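Step one of this worksheet: look at the structure below.
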Amino acid sequence: MYLTKEEERMLEGEYGNVVARCMKLLVKLGEKFGAERMVEVRSVQIAGVSYKNIGDPGLEFLEGFANEGAKVKVTSFMNPAGMPMEGWEEIGIPSDFAEKQKRVIEAFRKMGVIVASTCTPYLAGMLPRFREHIAWSESSAVAFSNSVVGARTNREGGPSALAAAITGRTPYYGFHLDENRNPNFVVRVDAELKSISDYGALGCVVGKAKGKGVPYFTGIKHAGIDELKSLGASLAAYGAVALFHVEGITPEARKGCVDVENVEETIDVGEKELKEAYEAMSSELEDVELIAVGCPHASINEIREICELLKGKKLKVPMWIFTSQAVKSIAKRAGISEELEKAGAKLIEDTCPVVAPLDVLGIKKVAVNSGKAAFYLPNTNKQMVLFDDISRIIDKFAE
Ligand code: F3S
């Protein structure tokens with residue numbers, strides 16, 4: 001693998017042991033995937049933050065690395081943690097969990113990682129540019145940045161993302177290369193997609209049918225940021241999709257950068273398939289203990305729409321809307337948080353329904369409008385899940 005003089009110096013330890021170890025890891029990764037060289041990255045998003053997921057071994061590794069003097073070289077955001085930084089007691093997080101989680105965050109902070117704690121960094125101040133090389137790791141953030149922004153990233157693991165942050169490099173292979181960004185199959189959508197959950201159901205159908213690859217969607221007339229982030233999250237959860245194109249909507253499809261003419265495989269998705277997906281993704285629950293929204297983290301637009309739906313209503317069960325600190329502070333300033341609280345909804349920053357220990361909090365049944373949350377919650381958090389459109393959830397659990 002070709003390395004520049006600077007990269008060789010990093011590998012040989014001229015910048016210290018931590019940088020050398022990171023470069024070694026990246027070279028190994030590059031060799032495994034046949035990368036000819038490294039590419040400089042402009043931003044990094046690091047997963048593997050929740051103490052629930054990484055446990056003591058992860059905590060010890062991160063503290064050790066930070067104590068050895070690891071420092072990030074490029075702007076790096078952290079994924080959601082297992083709890084909000086403030087008010088964790090109010091939602092019942094045990095203090096031993098909180099203490100460990102704070103140590104994880106402190107280790108990242110010491111390394112210079114921005115404690116933004118979000119899977120939607122593109123809504124919180126770290127928006128890449130078209131064709132920019134980045135190294136992101138949370139699967140929905142990867143799908144969004146590749147597909148909706150047209151930036152270039154593979155799905156990095158926690159260690160490779162951290163190594164990219166510390167060296168400013170990632171191996172040049174996979175989705176960094178033009179030739180791997182072409183669609184492998186076409187998805188003809190013949191259904192009216194009306195809500196974020198419809199896009200989650202579509203992601204479920206396609207992810208399950210194909211597993212991986214690069215889909216090219218046709219038949220989607222309008223899709224905004226919220227719909228596309230829901231679609232990408234679901235495609236990544238039910239399959240391993242890290243890049244998708246939507247005819248007339250996503251940038252590489254719009255600019256004619258991809259060759260769809262020679263794609264032979266097509267799958268059709270209509271109302272019937274979407275209805276079947278809803279049935280498969282949801283349990284028939286008459287009661288739930290929590291409504292969890294914001295997977296991926298909610299945008300200000302989603303929060304505002306939920307606030308509208310809740311006007312004049314009172315929720316019979318708590319609603320937690322997960323979002324970034326940045327978006328929460330906008331909602332607060334706009335008076336939306338207050339309105340939501342009157343209706344029984346709460347904005348929760350820094351964490352998410354999947355990486356927070358809901359099971360430990362005694363919650364067993366959750367209503368969600370996210371395809372990705374419907375996929376993960378039964379396994380990671382032992383939850384029974386009601387998956388539906390948010391307006392129907394509100395109709396059912398508010399008066
Ligand atoms: Fe984000 Fe957590 Fe969902 S990281 S995509 S809110 S599982």
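The values are calculated or read from the model by the stated rules, or taken from the named source; none is laboratory data. Treat the numbers as computed from the prediction; the structure is a model and nothing was measured. No Cβ is skipped: glycine too gets one built from the backbone with ideal geometry, and neighbour counts run over all protein chains shown. These accessible areas exclude ligands, DNA and RNA; they are computed on the full protein's heavy atoms, side chains included. Shrake-Rupley method; radii C 1.70, N 1.55, O 1.52, S 1.80 Å.
Please compute the per residue accessible area over the chain with all protein chains in place, 1.4 Å probe, rounded to a whole number of Å².
Result: 42 Å² per residue.
Return the percentage of antiparallel bridges among DSSP beta bridges fully within the chain, rounded to the nearest 5 %. Present the calculation step by step, with values, prior to reporting the outcome.
Details: 4 of 41 bridges.
If I count the DSSP bridges inside the chain, around 10 percent turn out antiparallel.
Multiplying the sequence separation of ARG392 and ASP96 by 0.36 nm and subtracting their Cα-Cα distance, what value in nm do you get? Walk me through the numbers on the way to the answer.
Values: separation 296, 0.36 × 296 = 106.56 nm, distance 3.75 nm.
Here the segment from ARG392 to ASP96 would lengthen by 102.8 nm.
How would TYR199, TYR376 rank on accessible area, largest to smallest, probe 1.4 Å?
Values: TYR199 5, TYR376 60 Å².
Per-residue accessible area, sorted high to low, gives TYR376, TYR199.
Of LYS110/LYS382; LYS52/LYS110; LYS24/LYS100, which sit over 24 Å apart, Cα to Cα? Write out the running numbers ahead of the final one.
Working: LYS110/LYS382 34 Å; LYS52/LYS110 21 Å; LYS24/LYS100 29 Å.
Violating the 24 Å limit, Cα to Cα: LYS110/LYS382; LYS24/LYS100.
Quick check on packing: order 166-172, 263-269, 84-90 by the mean number of other C-beta atoms within 10 Å, highest mean leading.
Working: 166-172: 25.4, 263-269: 13.6, 84-90: 15.4.
Ranking the peptides 166-172, 263-269, 84-90 by packing returns 166-172, 84-90, 263-269.
At 20 °C and 1.002 mPa s, grab the translational diffusion coefficient of the stretch 5-178 from Stokes-Einstein with a Kirkwood Rh over Cα pairs, rounded to a whole number in µm² per second.
For these conditions, the coefficient is 131 µm²/s.
What's the Kirkwood radius of the chain in Å, using all Cα pairs? Don't skip to the answer; put the middle values down first.
Values: mean 1/r = 0.0464 Å⁻¹.
Its Kirkwood hydrodynamic radius stands at 21.5 Å.
How charged is the neighbourhood of LEU231? Take every other residue with its Cβ under 11 Å from the Cβ of LEU231, and add Lys/Arg as +1 and Asp/Glu as -1.
Values: positive: LYS229, LYS372; negative: ASP198, ASP226, GLU227.
Neighbour charge sum, excluding LEU231 itself: -1.
Each residue of the stretch 316-325 in order: what ³J(HN,Hα) in whole Hz does its phi give by Karplus 6.51 cos²θ - 1.76 cosθ + 1.60, θ = phi - 60°, with x for Gly and Pro?
Those phi angles translate into 8, 10, x, 10, 10, 9, 7, 7, 7, 4 Hz.
Among the lysines in the stretch 182-280, how many pairs, 8 or more places apart or on different chains, have alpha carbons under 21 Å apart?
17
Using a 7 Å offset from the Cα along the Cα-to-Cβ direction at both LYS110 and LYS212, what is the distance between the two label points in nm, to one decimal?
Label at LYS110, label at LYS212, 3.6 nm between them.
For LYS316, give me every one of the lysines with a C-alpha distance below 22 angstrom, ignoring sequence neighbours fewer than eight places off in its own chain.
Cross-link targets: LYS342, LYS346, LYS364, LYS365, LYS396.
Of the heavy-atom accessible surface of the chain (probe 1.4 angstrom), what whole percent is carbon and sulfur?
On the way: 8160 of 16830 Å².
Accessible surface attributable to carbon and sulfur in the chain totals 48 percent.
So what's the Cα pair-distance distribution over the stretch 204-309, bin width 10 Å, in %?
Calculated P(r), rounded to whole percents: 12, 38, 36, 12, 3.
Modelling each spin label as a point 7 Å along the Cα-to-Cβ direction, I'd like the ARG129/GLU89 distance in nm, to one decimal.
About 4.7 nm, to one decimal.
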